[in-house]
Amino acid sequence: MILSDKRILEEMEAGSILIEPFRKECLGTNSYDVHLGRHLATYKDRVLDAREHNKIDTFEIPQEGFVLQPNTLYLGVTAEYTETHKHVPFLEGKSSTGRLGIDIHATAGKGDVGFCNTWTLEISCAQPVRIYAGMPIGQLIYFVVEGEIETMYNTKKGAKYNKRGVKPVESMMWKNKF
């Protein structure tokens, strides 16, 4: 079951959902619009290695915007910090973003109950497109969880993306044992 706008507001009042900053005009019928933060990153190396710590170069999006290029993975970040203590948050692209040929996540659209942070975006594009800090980039949808949670993400030992930040975070796959 997906939470409605009224239910999202009720859960925010109860403290089980936090969105900072929160703007009422960004609340949709059953979602909340999130915006692109000021920072983007690209990997330093063209060939990535899943067993290695692949380093990134982070930069600020200039006032005049930044042109994304096809065949490059950009890591972005939401302007909004969120906490979800009872529901499963899903981040999806907005249709207006998709119609510009922009994908905001390759595979990581689902958050975990207990996720407390900004969202790192895995941005790619079909053709060159200029983007701007603060532009609407996606929407959060909240799903009800069936059953009790044994370990929340923010208390999970070894959770790789718990450190609060305003910049994109590179892959931490290298921390896995395989």
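A few comments on the model shown:
- Whole-Å distance, taken between Cα centres, linking region 30-83 and region 90-138: 10
- Taking all Cα pairs closer than 8 Å and separated by 6 or more residues, the relative contact order of region 49-115 comes to 34 percent.
- Note that region 1-95 carries a Kirkwood radius of 15.9 Å, evaluated over its alpha carbons pair by pair.
- By definition, a body whose alpha carbon gyration tensor gives a ≥ b ≥ c is oblate when a/c is 1.5 or more and a/b is not larger than b/c, and region 49-88 fits this oblate description.
- Most mobile listed residue (P136, P89, P21) in the chain, GNM with C-alpha springs under 10 Å: P21
- Cα lying deepest toward the dipole's positive end in region 1-148, options I19, H105, V145, charges on Cβ: H105
- Relative contact order of the chain, defined on C-alpha pairs under 8 angstrom at six or more residues apart (%): 30
- Region 53-119: GluC sites (Glu not before Pro) falling in loop per DSSP and having at most 13 other Cβ within 10 Å: E64
- Our helix-only sum for the chain, with -39,500 (n - 2.57) per DSSP H run of n ≥ 4 divided by its residues, gives a mean residue ellipticity at 222 nm of -2000 deg cm²/dmol.
- Rounded to the nearest 20 debye, dipole of region 1-110 from Cβ charges on Lys, Arg, Asp, Glu: 220
- For region 48-57, 3J(HN,Hα) per residue [Karplus equation, 6.51 cos²θ - 1.76 cosθ + 1.60, θ = phi - 60°, Hz, x = Gly/Pro]: 9, 10, 4, 8, 10, 7, 7, 7, 10, 9
- For region 106-160, the convex hull spanned by the alpha carbon atoms encloses 121 Å³ per residue.
- 3J(HN,Hα) along region 36-42: 6, x, 6, 10, 10, 8, 10 Hz, from the Karplus curve 6.51 cos²θ - 1.76 cosθ + 1.60 with θ = phi - 60°, whole Hz, x for Gly and Pro.
- For the chain, the Kirkwood estimate of hydrodynamic radius, built from reciprocal distances between every pair of different alpha carbons, is 17.0 Å.
- Debye, to nearest 20: dipole size of region 51-178, +1 on Lys, Arg Cβ, -1 on Asp, Glu Cβ: 340
- Positive end of the dipole of the chain (Cβ unit charges, origin at the Cα centre): among V47, N176, H87, the Cα lying farthest that way belongs to V47.
- All C-alpha to C-alpha distances of region 51-134, sorted into 5 Å bins beginning at zero, yield P(r) values of 3, 13, 20, 25, 19, 13, 7, 1 percent in whole numbers.
Since every read-out is calculated from the coordinates, none of them should be taken as a lab result. The structure displayed is predicted, hence computed values, not measured ones. Cβ: placed from backbone, ideal geometry, glycine included. Neighbour counts: every protein chain shown.
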